[in-house]
1. When the Cα atoms of the stretch 102-211 are enclosed in a convex hull and the volume is divided per residue, what value in Å³ results?
2. To the nearest 10 Å², what's residue 149's accessible area with a 1.4 Å probe?
3. What distance in nm separates the two pseudo spin-label positions at residue 212 and residue 67, each 7 Å out from Cα along the beta-carbon direction?
4. What full-extension length gain, to one decimal in nm, is calculated for residue 234 and residue 50 as 0.36 nm per residue of separation minus the Cα-Cα distance?
5. Please give the net charge around residue 145, taking every other residue with its beta carbon less than 15 angstrom from that of residue 145, where Lys and Arg add +1 and Asp and Glu add -1.
6. Rounded, prolate or oblate: pick one for the stretch 147-214, where a ≥ b ≥ c are the square roots of the eigenvalues of its C-alpha gyration tensor, a/c under 1.5 means rounded, and failing that, prolate if a/b is larger than b/c, else oblate.
7. So, taking all protein chains as they sit and a 1.4 Å probe, how much accessible area belongs to residue 171, in Å² rounded to tens?
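The values are calculated or read from the model by the stated rules, or taken from the named source; none is laboratory data. All of these numbers come straight from a predicted model, not from anything done at the bench. Reconstructed Cβ throughout: ideal geometry from the backbone, glycine too, with neighbour counts over all protein chains shown. Side chains included, ligands, DNA and RNA excluded: accessible areas come from the protein's heavy atoms. Shrake-Rupley method; radii C 1.70, N 1.55, O 1.52, S 1.80 Å.
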Amino acid sequence: MLRGFLLIFVLAGIVIVAVCGFRGEHSTRTPWEIFPDMVRQQKVRAQSPIDFFGDGRGPRIPIASTVPIGYEMPKPQMKAPPEITPSGAAPGEELSRTRIGFSVGTDYYNTGKMDANWGTGIPVPVNAELMQRGQQRFNITCSVCHGLTAAGNGIAKQYGLNTVATLQDERIRKMADGEIFNTITNGKNTMMSYGGNVPVADRWAIIAYVRALQRSQNAAAADVPAEELAKLEKAEAKPPQSKPAATPEAQKK
């Protein structure tokens, strides 16, 4: 019994050594690797050739007229006095506001935080251009799940994504702008992170547009300016115009 076990053990050892070989043995043949070494994994190395492409080059020239995801083209700087920066930030914070790409600063504009708390307010001038940009980006990026009115009824929900939150919920209406910015940047629950897809400036534009959507779906008469409210009331009080009676010639036709 013992001899049979020893014989099998020795033979198994010889087979293992014969198949696997000794570590450090030099050979021109492709080695057998049960667990491939990460050094030899299939990937493009910087400044190294690769057989995948016809020209043998690993690094590729970027496709014309494209930019990496999450980046945007630089915008021209506005002329302003030294004490006034284009984005309304303090002169020392302007660098982090005009940088291209992901959040790179530690100020409210880049993090949504004021010290240790979520901040409230749009840190850029809210004008028609910003709202149009926010509408465009929201319709492209957010409406698929949240719907065009932010009611959480986008096309994704119709195909089974039942965890989409409605942005018209009172909880989100009262949520700080900085916390919404952080949710867009880093994601939350089943919502993925969009920090790599949506530049910082577009995140604030989207938040401004979302606030407008929330106001539009929860508006009251008190929100309408007095002069505009008077016009609306006058239009409602005006009786509808009756259509002119058809002429005998028209009736014959």
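1. Details: hull volume 10.6 nm³, N = 110.
Roughly 97 Å³ of hull volume per residue.
2. Accessible area of residue 149: about 60 Å².
3. Label at residue 212, label at residue 67, 2.2 nm between them.
4. On the way: separation 184, 0.36 × 184 = 66.24 nm, distance 7.50 nm.
Answer, rounded to one decimal: 58.7 nm.
5. On the way: positive: 137, 157, 188; negative: 169.
So the surrounding residues net to +2.
6. Details: a/c = 1.61, a/b = 1.22, b/c = 1.32.
Oblate shape, in that a/c is at least 1.5 and b/c is the bigger or equal ratio.
7. Spelled out: residue 171, probe radius 1.4 Å, area about 130 Å².
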